[in-house]
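*Asks:* After the structure tokens below, expect a handful of questions from me.
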Amino acid sequence: MWNFVFFFNSFLLGVGLAMDAFSVSLANGLHEPKMVRRKMCAVAGVFAVFQALMPLLGWVCVHTVMEHFSAFEKFIPWIALVLLCWIGGKMLLEGLRGEESPEEGGGVGVAALLVQGVATSIDALSVGFTIAAYETVMALACAAIIAVVTFVICLGGLAIGKKFGTHLAGKAGIMGGVILIFIGLEIFISSFL
């Protein structure tokens with residue numbers, strides 16, 4: 001099973017799972033256009049860790065408490081919707097009021113970043129079903145590939161957001177908030193299609 005198809009599928013899983021994190025990274029870059037490279041790596045790293053851990057958690061659930069996880073699965077879109085709308089709404093209101101977030105000089109704070117990480121990766125729990133046939137080492141390798149892909153994609157989102165955030169100045173918080181709310185709605189609506 002250690003073949004090109006395994007690596008290619010893991011890469012594609014990483015790309016697919018990273019799209020929400022990319023959009024949130026874009027919003028974070030818009031919200032904090034002066035973000036330093038070290039913080040960009042930390043933000044991308046948080047998303048990468050969550051995107052890798054959630055499929056592994058799903059894999060563990062499949063191999064241990066399957067019946068409990070399937071009951072929880074219907075709440076995943078609701079949780080993502082609430083978390084992303086809460087953060088996005090807060091950013092939107094701050095942008096409309098012309099306020100800066102008290103956390104880290106107007107940038108994304110640790111608490112908000114952790115909530116974003118959970119909100120954008122919670123749907124990745126169900127990926128545990130798709131990798132359920134993998135042995136432990138293969139599941140770990142798949143998660144590592146997902147993490148690397150997510151990290152690179154999120155760095156790109158942050159860089160793009162920073163570039164446009166500088167040009168948009170005061171409107172960046174509004175735009176970032178709208179993007180987060182839209183992502184939450186998209187996750188929620190696509191779960192019913």
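*Asks:* When you go through Ala144, Ala139, Ala132, Ala112 one by one, which is the residue that is at pLDDT 85 or above, farther than 19 Å from Ile189 by Cβ and in contact with a Phe, Trp or Tyr (Cβ under 7 Å, 6 or more places away or on another chain)?
*Replies:* Values: Ala144 fails: in contact with a Phe, Trp or Tyr (Cβ under 7 Å, 6 or more places away or on another chain); Ala132 fails: at pLDDT 85 or above; Ala112 fails: in contact with a Phe, Trp or Tyr (Cβ under 7 Å, 6 or more places away or on another chain).
Sole residue among the options that is at pLDDT 85 or above, farther than 19 Å from Ile189 by Cβ and in contact with a Phe, Trp or Tyr (Cβ under 7 Å, 6 or more places away or on another chain): Ala139.
*Asks:* Within segment 16-40, can you find the residues that are touching a Leu at 6+ places or on another chain (Cβ under 7 Å) and part of a helix (DSSP H, G or I)?
*Replies:* Hits for segment 16-40 are Val24, Ser25, Ala27, Asn28, Gly29, Leu30, Met40.
*Asks:* Determine the pairs where a residue that is crowded, with 24+ Cβ neighbours inside 10 Å, located within segment 24-38, has a partner that is hydroxyl-bearing (Ser, Thr, Tyr) and at pLDDT below 90 with Cβ atoms under 6 Å apart, the partner being 6 or more residues away or on another chain.
*Replies:* Val24/Thr120
The values are calculated or read from the model by the stated rules, or taken from the named source; none is laboratory data. None of the values given here were measured: they were computed from a predicted structure. So basically every Cβ, Gly included, is an ideal-geometry build from the backbone, and we count neighbours across all protein chains shown.
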